[in-house]
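Asker: One structure, as structure tokens, below. Some questions next.
The values are calculated or read from the model by the stated rules, or taken from the named source; none is laboratory data. If you're wondering where the values come from, they're calculated on a predicted model, not measured in any experiment. Neighbour counts are summed over all protein chains in view; Cβ atoms, including those assigned to glycine, are modelled from backbone coordinates with ideal geometry. Keep in mind that these areas ignore ligands, DNA and RNA; they rest on the heavy atoms of the full protein, side chains included. Shrake-Rupley method; radii C 1.70, N 1.55, O 1.52, S 1.80 Å.
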Amino acid sequence: MSGLSTKRLMKELADIQSKGTPEGIILLSADSMEEWVFLISVLGEETIYKGETFALRMKFGNRYPIDVPEVTFLANEQYQPPLHPHVYSNGHICASILGNEWSPVLNAVAICITMQSMLASNKKKERPEGNDRYVRTAPSNPKLTRWHYDDDTV
Amino acid sequence: MSSDGDNDDFLYEDEYDDGFDQDEEIDIDSTSEPDVYDAMSPAIEEAPQKKPYDVSWKVKTLQEIIDMQNKEISKVQALLEVPSSSAAILLRHYVWNSEKLQEQFWNDPSQALEEAGLSPSSSPTARTTALPPSPTKRSNRSLRPGPSSLLKRTRSTQPTGPFECPICCMEYDYSSTYSMGCDHRFCKDCWIEYLSGKIKGEGESAKIQCMESGCKRIVREEVIDDLVTKDISKRYHNLLNAAFVADSPTLRWCPHPNCEYIIECSQAPTRMLNQLVPTVECKCGNDLCFGCGYAASHRPVLCRIVRLWEKKCADDSETANWLQANTKECSKCQSTIEKNGGCNHMTCKKCKYEFCWVCMGPWSEHGTSWYQCNRYDEKSGIDARDTQAKSRASLERYLHYFNRWANHEHSAKLDAEFYQKTEKKMEQMQNSGNLSWIEVQFAKQAVDAVIKARITLKWSYCMAFYLKRNNMTELFEDNQRDLERAVENLGYLLEQNISDTDSIAKLRQDITNQAAYVQKRHDILMDDTLRGYLERRWEFTVDT
Ligand SMILES: [Zn+2]
Ligand SMILES: [Zn+2]
Ligand SMILES: [Zn+2]
Ligand SMILES: [Zn+2]
């Protein structure tokens, strides 16, 4: 099944190139069919993230899209993960779409849109409870964390 | 038992037409080899009076568990007039509570079907070409992306021309695709990959949903069997059966390695576990606790107390390691002594000093005065003046009980050796003492009694650790001490060397008597403790 992810990602890439991405979402790099980086900003005047841009990295395994990709906000000199109650300071994200509600019909842009709307609906800039403890012990791959999705609406 | 009554209905229904199971329906006191009892002494045919703290149980095979489910499925299928795979999905959704299922179903059939993942209209996205806006799921609404035209799906309502699978983006003939009642069509390769991953990778079975985002449609058994490989289908059915057993409060897998039997017991629901210790015996020959799944008898201790104790022992494992060391020094000559038998009466090979392995005190004190080795002297703790002394006193108190618990645990590990040694002795007696095979069986029976009593004693120290200090507890510790002494004496007798025929006859008499006494003391401790729960006699320092 090694061809599964490649064919699908080529198609997603072709769609992005021909039709573009939704506003506020830019494909920064897609050098391989294994790792893409998108830039995400929240539109409008209402948002608490006005003027901020975040980098969302996706790593695709060869079972993508049956398996959910590994998705994190980049945390480096250039980009910082958004201050959000579901985003840890190491860039890990707790969102059901990246866990038990992932569906193979979703795609990279759909993940970006979800992240964008997750940021757009947030009113309070804060880290998740227990951020420090989690970051200290977290595996590098967030998919190995057993997330508990209590309230996705935040 | 009312809250479990619903389940009992179907789980017990087929008991009466199943003659094979009849002799499983016996109480704990006579579980072993009922056939032998019947053959040897017809008097025992009338089963002994069941003790109020004992439970009845049955041992089921996997096939019987499968039959149980099928029977229930066909009943629901006939009653609700739905296909059998729908009946199965409905039952699993309602956790095999068929009364509740029927109630909900007749109240609102389409809602019952939808909740279980069966209604064709359960997917809000079935008629759209957009990516997953999931309007019915309030909590996810803000998370869901809006309509996007990235991956247009060919509608299955137009089965002409090639079909492009929205997952792998390859073109297929319609015959190589599949969609459920929800009309979400994907290629069979993607279905296979998805289902195999769910079953093999994530161990899912009854709750595997449609691949479409937000669609709650459950994939039917026969669809899965049809698509995945034989191995994965087998694993899928194992998972379904495991879920059935796990969901049923009256069933439990035997925890012993390689055993595939399932125990059925309706008399030990969770809420009874503060007064019952439901030890049962599996057909594999091993005991287990039906209440908590502990892979041995932990009588007379309540499941919850066992859990607390195990956690405490794990937390204090460093102390435990230090204590579990199997060597000690002779307190007189300091030479190292290794414990290799079950008896606590030790004699230093070097200086002949006789002492007790548990408290290291001279054995003579144990022989003449009462055996004081079982009870922790709380008075020394009362004198504690500052907190440090208090915490030391509390550690010492724990160590006192743990030490005795671990000592019996350690002895139990030497069981095989104990049997071997005894067998050798039995041979010896047959050769030199002119005793027949049957005449030397007393030794094996004595070892059986010692081992059984040691397990009970081991747990009795866990119990004593959590008991409040009061008169009842003193009586408990008196019984414990009496059994401890009886076991020690019998262990000591069993370690004696045989010299001549006369001494064999005497030893045989002594061992037989002492073994009977151990059995008696054991039964007294067990019976009194287990009855004590029902009579609410025991007060613990923790919640039960
Ligand atoms: Zn496909
Ligand atoms: Zn569907
Ligand atoms: Zn078994
Ligand atoms: Zn138990």
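Asker: For segment A:61-78, which residues satisfy the criterion of being over 14 Å from the mean Cα position of the chain (by Cα) and not basic (K, R)?
Answerer: A:G61, A:N62, A:Y64, A:P65, A:I66, A:D67, A:N76, A:E77, A:Q78
Asker: Looking at segment B:291-312, which of its residues are open to solvent by less than 10 Å² (accessible area, probe 1.4 Å) and either of a type in the set (A, V, I, L, M, F, W, C) or away from ligand 4 (no atom under 12 Å from the Cβ) (or both)? Working first, answer last.
Answerer: So in segment B:291-312, the residues open to solvent by less than 10 Å² (accessible area, probe 1.4 Å) come out as B:298, B:300-303, B:305-306, B:309.
Hits for segment B:291-312 are B:V301, B:L302, B:C303, B:I305, B:V306, B:W309.
Asker: Checking B:L534 against (1) open to solvent by 50 Å² or more (accessible area, probe 1.4 Å); (2) touching a helix residue (DSSP H, G or I) at 6+ places or on another chain (Cβ under 9 Å): exactly one of these is not met. Which one?
Answerer: For B:L534, the exception is condition (2).
Asker: Exactly one of (1) modelled with pLDDT of 90 or more; (2) farther than 24 Å from B:D225 by Cα; (3) surrounded by 17 or more Cβ atoms within 10 Å (Cβ to Cβ); (4) more than 16 Å from ligand 3 (Cβ to nearest atom) is unmet by B:A87. Its number?
Answerer: Unmet condition: (2).
Asker: Turning to a different aspect of this structure: Kindly indicate the residue of segment B:198-232 that is within 11 Å of chain A (Cβ to nearest Cβ) and closer than 22 Å to B:E164 by Cα and also most open to solvent (accessible area, probe 1.4 Å) among those meeting that condition.
Answerer: So, considering only residues that are within 11 Å of chain A (Cβ to nearest Cβ) and closer than 22 Å to B:E164 by Cα, the one most open to solvent (accessible area, probe 1.4 Å) is B:Q209.
Asker: Of all residues being out of contact with any Asp or Glu (no Cβ under 9 Å at 6 or more places or on another chain) and surrounded by fewer than 24 Cβ atoms within 10 Å (Cβ to Cβ) in segment A:98-109, which is modelled with the highest pLDDT? Just the residue, please.
Answerer: Let us first name the residues in segment A:98-109 that are out of contact with any Asp or Glu (no Cβ under 9 Å at 6 or more places or on another chain), namely A:99-100, A:106.
In the following step, the residues that additionally are surrounded by fewer than 24 Cβ atoms within 10 Å (Cβ to Cβ) were identified as A:99-100.
Values: A:G99: 87, A:N100: 84.
In this case the residue turns out to be A:G99.
One line per residue, one yes/no per condition, for (1) surrounded by fewer than 17 Cβ atoms within 10 Å (Cβ to Cβ); (2) polar (S, T, N, Q); (3) at negative phi; (4) touching a His at 6+ places or on another chain (Cβ under 8 Å):
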position: A:E12; (1), (2), (3), (4): no, no, yes, no
position: A:T21; (1), (2), (3), (4): no, yes, yes, no
position: A:G24; (1), (2), (3), (4): no, no, no, no
position: A:D31; (1), (2), (3), (4): yes, no, yes, no
position: A:E34; (1), (2), (3), (4): yes, no, yes, no
position: A:S41; (1), (2), (3), (4): no, yes, yes, no
position: A:I48; (1), (2), (3), (4): yes, no, yes, no
position: A:N62; (1), (2), (3), (4): yes, yes, yes, no
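Asker: Go through B:K520, B:K468, B:K506 for me and flag whichever is of a type outside the set (D, E) and either within 27 Å of B:C313 (Cα to Cα) or not assigned by TED's automatic domain parsing to the domain that holds B:L399 (or both). Before the answer, list the steps.
Answerer: Working: B:K520 fails: either within 27 Å of B:C313 (Cα to Cα) or not assigned by TED's automatic domain parsing to the domain that holds B:L399 (or both); B:K506 fails: either within 27 Å of B:C313 (Cα to Cα) or not assigned by TED's automatic domain parsing to the domain that holds B:L399 (or both).
Every option except B:K468 fails the conditions.
Asker: Any chance you could count how many residues in segment B:161-197 are more than 11 Å from chain A (Cβ to nearest Cβ) and touching a Lys or Arg at 6+ places or on another chain (Cβ under 7 Å)?
Answerer: 8
Asker: Out of B:L525, B:L507, B:L457, which single residue is surrounded by 20 or more Cβ atoms within 10 Å (Cβ to Cβ) and farther than 20 Å from B:Y53 by Cβ? Please lay out each step first, then the result.
Answerer: On the way: B:L525 fails: farther than 20 Å from B:Y53 by Cβ; B:L457 fails: farther than 20 Å from B:Y53 by Cβ.
Matching residue, one of B:L525, B:L507, B:L457: B:L507.
Asker: Separate question: Of all residues in segment B:96-115, which are within 30 Å of B:Y261 (Cα to Cα) and surrounded by 16 or more Cβ atoms within 10 Å (Cβ to Cβ)? Walk me through it before giving the result.
Answerer: Residues of segment B:96-115 within 30 Å of B:Y261 (Cα to Cα): B:96-101.
Answer for segment B:96-115, where residues must be within 30 Å of B:Y261 (Cα to Cα) and surrounded by 16 or more Cβ atoms within 10 Å (Cβ to Cβ): B:W96, B:N97, B:S98, B:L101.
Asker: From B:S156, B:S142, B:S196, B:S148, which residue is touching a helix residue (DSSP H, G or I) at 6+ places or on another chain (Cβ under 6 Å), of a type in the set (S, T, Y) and at pLDDT below 90? Lay out the reasoning, then the answer.
Answerer: Working: B:S156 fails: touching a helix residue (DSSP H, G or I) at 6+ places or on another chain (Cβ under 6 Å); B:S196 fails: at pLDDT below 90; B:S148 fails: touching a helix residue (DSSP H, G or I) at 6+ places or on another chain (Cβ under 6 Å).
Sole residue among the options that is touching a helix residue (DSSP H, G or I) at 6+ places or on another chain (Cβ under 6 Å), of a type in the set (S, T, Y) and at pLDDT below 90: B:S142.
Asker: Just give me the residues in segment B:270-284 being away from ligand 4 (no atom under 13 Å from the Cβ) and open to solvent by less than 50 Å² (accessible area, probe 1.4 Å), in sequence order. Full working, then the answer.
Answerer: Step one: list which residues in segment B:270-284 are away from ligand 4 (no atom under 13 Å from the Cβ), which gives B:271, B:281-284.
If the condition is that a residue be away from ligand 4 (no atom under 13 Å from the Cβ) and open to solvent by less than 50 Å² (accessible area, probe 1.4 Å), then B:E281, B:C282 are the ones that fit.
Asker: Go through the residues of segment A:63-76 one by one and say whether even a single one is away from every other protein chain (no Cβ under 13 Å), of a type in the set (K, R) and assigned to a loop (DSSP other than H, G, I, E, B).
Answerer: no
Asker: I would also like to ask the following. Can you pull out the residues in segment A:105-123 that are more than 9 Å from the chain's Cα centre (by Cα), small (G, A, S) and not in a loop (DSSP other than H, G, I, E, B)?
Answerer: A:A110, A:S117, A:A120
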